[in-house]
Amino acid sequence: MHVTVFSTKPYDRRFLEEANATAGHSLSFLDARLSAATSGLAGSADAVCVFVNDEVNSDILASLASMGVKLVALRAAGFNNVDLEAARREGITVARVPAYSPHAVAEHTIALILTLNRSIHRAYNRVREGNFALDGLLGFDLSGKTAGVVGTGKIGEVVCRILTGFGCTVLAYDPQPSAACEQMGVRYVPLGELLALSDIVTLHCPLTPATHHLIDAQALGRMKRGVMLVNTSRGAVIDTRAVLRGLKDGTIGYLGLDVYEEEADLFFEDLSQRFIGDDVFARLLTFPNVLITGHQAFFTEEALANIAETTIGNITSFERTGQATHEVSVEKIAR
Ligand code: NAD
């Protein structure tokens, strides 16, 4: 199949080309993000391959359909950026990579927790400047603390396992509890109770209408003063402006983010020679107890290899049978 691949970086090309070596699809790589301005670049492609910040809304799907595109192959697990109703209307199949390495994201989450707790980001700079003072670097033992995990699917389950290993009491909230988590001693509680009892709250649910701004001013009001909040799921699961207020008044003691509501205008690009026009994001960067990575949690060798193989597999199965192996549709998510 002829596939136009949007939002590609050198690492995407490397892994996709390796995975495509035996499949033999014709891949056209574009740096550009898919948007209304760039959808025409799909040209005569049968499929487009997209990432987390590509826009796959109803207008863009209509435009792709008019050009003969039959498949949108996501190089991601989350599909919140795709209008599935519109895809069905336009007769476009949508496929994703449901699992590629829950360990990658879970381990990055733990890296954020440990770095924030032990102020590793600040200690690194101090020591390089010959400052060996410990004032301001005081952390706390994770052992014995209560961690609240919101969403215990593939990633949340690995997070629960690691935190259990640290000796944390792990509470969880998920409309579909996991037997594996229960077996490791995780206790499912209502969200309000999780927020009230946890020293650390970490988010691993998908972004849906139900989870949009799940962590808002009201939720913050239920949390322990000085709580550590970590989000490696999707930016809009937290209301960033409310979180900013929570940082200012001390409700939030530590904030670790790998995702941000308005990340599409920032992440995955080198903006170091420009200024950041997003005042909310710029304000977040001023807090010593805030640690932000640019949607990096998935970024391991193993994850990129699995993403590329599953993506090429989706394209190949669609070409052969008219159905992609890991389709996502309105009907499938309703089940
Ligand atoms: P998953 O589908 O295996 O698990 C999601 C879990 O969330 C499920 O158990 C589901 O029941 C639960 N859930 C749904 N609605 C909920 C709600 N209202 N409250 C609490 N829990 C709810 O997905 P996963 O592979 O574990 O990934 C989780 C999310 O992580 C993805 O949707 C994606 O947004 C994000 N993600 C981020 C990165 C990154 O690089 N930062 C990489 C991969 C995935």
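Pairs of Cα atoms in region 1-138 fall into 10 Å distance bins, from 0 up to the last occupied one, in shares of 11, 33, 22, 14, 13, 6, 0 percent. Relative contact order for region 102-292: 19 percent, from Cα pairs under 8 Å spaced at least 6 residues apart, divided by residue count. Shape analysis of region 102-292 yields a ratio of the Cα radius of gyration to the Kirkwood radius, Rg/Rh, of 0.96.
Over the chain, dividing the summed -39,500 (n - 2.57) contributions of all DSSP H runs of at least 4 residues by the number of residues returns a 222 nm mean residue ellipticity of -10500 deg cm²/dmol.
Binning the C-alpha pair distances of the chain at 10 Å intervals from 0 yields a P(r) profile of 5, 24, 31, 24, 13, 3, 0 %, listed from the shortest bin outward. When you filter the trypsin sites (Lys or Arg not before Pro) in region 199-262 for DSSP loop state and at most 15 other Cβ atoms inside 10 Å of their Cβ, you are left with R225. Its relative contact order, with pairs defined as Cα atoms under 8 Å and 6+ residues apart, puts the chain at 18 percent.
Close amide H contacts of A172 (hydrogens built in the peptide plane, cut-off under 5 Å, sequence separation of 5 or more or a different chain): V149, R187, Y188, V189. Rolling a 1.4 Å probe across the protein heavy atoms gives region 245-335 an accessible surface of 54 Å² per residue.
Between the beta carbons of D249 and S63, assuming R0 = 45 Å, the FRET efficiency works out to 0.50 to the nearest 0.05. Apolar share of the accessible surface for the chain: 51 percent from carbon plus sulfur atoms, 1.4 Å probe.
The values are calculated or read from the model by the stated rules, or taken from the named source; none is laboratory data. This structure is a prediction, so every number in the text was calculated from the model and none was measured. Using ideal geometry, Cβ is built from the backbone for each residue, glycine included, and neighbour counts are taken over all protein chains shown. With ligands, DNA and RNA removed, areas are computed over all heavy atoms of the protein, side chains included. Shrake-Rupley method; radii C 1.70, N 1.55, O 1.52, S 1.80 Å.
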